[in-house]
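**Q** My structure is below; once you've seen it, I'll send some questions.
The values are calculated or read from the model by the stated rules, or taken from the named source; none is laboratory data. In this text the structure is predicted, and so the values were computed from the model without any measurement. Note that we place each Cβ from the backbone using ideal geometry, even for glycine, and neighbour counts take in every protein chain shown.
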Amino acid sequence: MKLHESNLIQFLRNLPESKKVFLLHGTVESKVLFHRKILETKLLGKQARKEMRLITLDRALLIKEKTLLLDEVKTRSFFGGQKGILLENISDKEVPIILETLNTLEEEDPFLILTAGFLNQSSKLRKLIESNISSCAIGFYQTEMSSAEISSILEKWQVKVTENSVIDALRDFSKIYDFLEFRQELKKLAIFKSFDDTPLSLNELENVFSSESNPDEKKLVDFLIQKSTSPIIDYFQNHGSTIKNPISIILRANSQFKVLHKILCHEEDITGILKTIWPPIIGKNKERLINTSRSWTISSVEQAIKVLKKMDLTLKKSSKISTKALLISGFLEICLLPIE
């Protein structure tokens, strides 16, 4: 069975008992991760991992031990209750193993959750899952959210919207953000409007999103942690007058440096540390962050956090200070921090 991503939530509300195998694939990794977690909860409940009813199999080990998946499928949970098996980042190479499992699948066997990256229309894995009566495949290739999806989330969080222009603006924002980051911003809107029954306005959108709605300001923080002085100077020369919420920029930068600090303190388990961060950092962003961390030491990151804290306090104490001058001097000071 083939299912469009926009229909997944509704499908899960009335999930057919015949569906035992689910393939989530696509280029938007954060969407795959988000909906995989929803699927896990729907199938197995919130305690499945703690109760060891959700088993994750290593793809490399699966290739070496051809019967590993089949053996796990036929093994029942020690704690009782429904069991699930998770295989991540699989490809057409695993089709023979998946096919053998599907051919022996029985009603009492565990759920099988598969995730993959880009799969074209001719993918053997995609064709196998889409054509099997016990399986369901969902692709996630659309970067922005639809108007219907945004409206549904806002309605769920009790945020009133009466103007189409507000939804259109939010959809434009969703093209800039990673999927999970954008949901976090929508959550901010819900908190902002939690004690206000009036419809959401375009002005309120701008106030809540502030610097987050400006992709150039997001890049500014990236330049900072990459120690790219020229782009930082160029930014302040061309966009310095557009900064509306400097404290928000500082907080974002502070958050990034705290992530760097975690990575540097646990270099032996970077993958494990990144799994504790929410929203998750995945794909190219993860690789870029790991590479960037090599330009820093624990000491220099701690010094950068001190500089940011001092900037934050200075801004809050004085309304007359030049925001542009403070930001550029502080950011350049951080860029010049020694590696050793």
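**Q** Taking the conditions exactly as written (closer than 17 Å to A137 by Cβ and among the β-branched types (V, I, T)), does V73 satisfy them or not?
**A** Values: closer than 17 Å to A137 by Cβ: no; among the β-branched types (V, I, T): yes.
Considered against the rule, which asks whether it is closer than 17 Å to A137 by Cβ and among the β-branched types (V, I, T), V73 comes out as no.
**Q** How about segment 119-158: which of its residues are in a loop (DSSP other than H, G, I, E, B) and either under 17 Å from the mean Cα position of the chain (by Cα) or over 20 Å from K31 (Cα atoms) (or both)?
**A** S122, S123, N132, I133, S134, Y141, Q142, T143, E144, M145, Q158
**Q** Give the number of residues within segment 284-299 that are modelled with pLDDT under 80 and closer than 27 Å to V208 by Cβ.
**A** 1
**Q** Within segment 60-94, which residues are within 29 Å of the chain's Cα centre (by Cα), part of a helix (DSSP H, G or I) and of a type in the set (A, V, I, L, M, F, W, C)?
**A** Scanning segment 60-94 gives A60, L61, L62, I63, L69.
**Q** Do any helices (runs of 4 or more DSSP H) lying entirely in segment 214-280 carry at least 1 residues that are under 24 Å from F34 (Cβ atoms) and either modelled with pLDDT of 85 or more or among the polar types (S, T, N, Q) (or both), and which ones are they?
**A** By residue number, 215-225, 246-265, 270-274.
**Q** While we're here: Quick check on segment 41-56. Is at least one of its residues surrounded by fewer than 12 Cβ atoms within 10 Å (Cβ to Cβ), in contact with a Gly (Cβ under 9 Å, 6 or more places away or on another chain) and within 25 Å of E29 (Cα to Cα)?
**A** Checked segment 41-56: no residue is surrounded by fewer than 12 Cβ atoms within 10 Å (Cβ to Cβ), in contact with a Gly (Cβ under 9 Å, 6 or more places away or on another chain) and within 25 Å of E29 (Cα to Cα).
**Q** Residue check: is S151 in contact with a helix residue (DSSP H, G or I) (Cβ under 9 Å, 6 or more places away or on another chain), surrounded by 16 or more Cβ atoms within 10 Å (Cβ to Cβ), free of Cβ contacts under 8 Å to residues at least 24 places away in the same chain and not assigned by TED's automatic domain parsing to the domain that holds K66?
**A** Yes.
**Q** Restricting the search to segment 6-30, which residues are modelled with pLDDT of 90 or more, of a type outside the set (A, V, I, L, M) and within 22 Å of the chain's Cα centre (by Cα)?
**A** F22, H25, G26
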